[in-house]
Amino acid sequence: MNAKFIILSLILILSGCDKKAADTYFSGYLEGEYIHISPYFSGRIVKIHVKEGEIIDSGKLLFELEDTLQKANLNIAKANLASLEAKLEDLNLGMRKEEIERIKAKLDEAKAASWLADKNWQRTKKLIAKNSVSDKEADIAKAEFERARAVVNELEASLKIANLPARANQINSLKADINALKEDIKAKEWQLNETKIYAPKAGKIEEIFYKESEWALNAKPVILLLPANEMRAKFFVPIGLLSEFKEGRRVAISCAGCGNLTARVSKIASSPEYAPPIIYSENTQDTLTYRVEAEIDNRGEFLHPSLPISVRLIR
């Protein structure tokens, strides 16, 4: 009997605590989740396309950096690629038509000279049989015949090679160079594109840190963007009611001009504070509180950061 009474008492106590937490309003404020927009590399700002306080759409051009160097590097890389591709075409086809025609012309001359040398050698051999020519003259005729034939053979081999493509290892090496240069061109095109900085999300231009013609540093913000309604609620819960707040627990938010909002608890501070850093209610107590954060569900209207809010648990 006593045990049942104790259990019933605990249930009533816990129910009373939940009712107390659900009926309590907690003071807090809205905090904006700002985006610091900076360039990927340093450069001089040539144009800023937005103004502080302006509401912009996603994809809006925010500012431009000087792009002279990026354009020059890209043009050089494209010219080098065109040169390598032309060289690869030559290797695949062999020599040019003009070069082959030049070899053919030399071959025709060599064949004519070889024909004359052959006739002279044939006459010389007949004279040798009649002992009508000296050994020196015979040697000269034979040497001229052999030299002329050697020239013809060499030019015929050159013509054959000229009509063949380059060796496979030369072609493969050049193809590798071309592929590497194409990747380099992609990188240089990306660098050129990054001289123009666009808004990643719709929102409000909260602050601009540079002016036109100033030198912007990479990783240093140029513009502070407040995305449309990407805010979180921060409020403070006394230690006695903290156990009612778990991650994922839904809360209702009310504030002047913002309508009825709901949110889900996303974070609870691990250490307490003696009082909220900013007190919006008239009745304050010097007690331990914990900072609780909640992600807002319905972001249908533009909310302003630092707006005072009241938060209560949804049963």
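The values are calculated or read from the model by the stated rules, or taken from the named source; none is laboratory data. None of the values given here were measured: they were computed from a predicted structure. Here Cβ is always computed from backbone atoms with ideal geometry, including for glycine, and neighbour counts include all displayed protein chains.
Structural remarks
- Those residues of segment 208-261 which are closer than 23 Å to Pro39 by Cβ, in a strand (DSSP E or B) and not aliphatic (A, V, I, L, M), in sequence order: Trp215, Pro227
- Taken residue by residue, segment 292-305 has no member that is at pLDDT 85 or above, more than 15 Å from Glu31 (Cα to Cα) and not in a loop (DSSP other than H, G, I, E, B).
- Per-region count, segment 48-67, residues at pLDDT below 95 and among the β-branched types (Val, Ile, Thr): 2
- Taken together, the residues in segment 183-204 that are in a strand (DSSP E or B) and at pLDDT below 95 amount to 2.
- Strands (runs of 3 or more DSSP E) wholly inside segment 19-69 containing at least 2 residues that are more than 30 Å from Ile296 (Cα to Cα), in the same structural domain as Glu206 (by TED's automatic domain parsing) and β-branched (Val, Ile, Thr): 43-48
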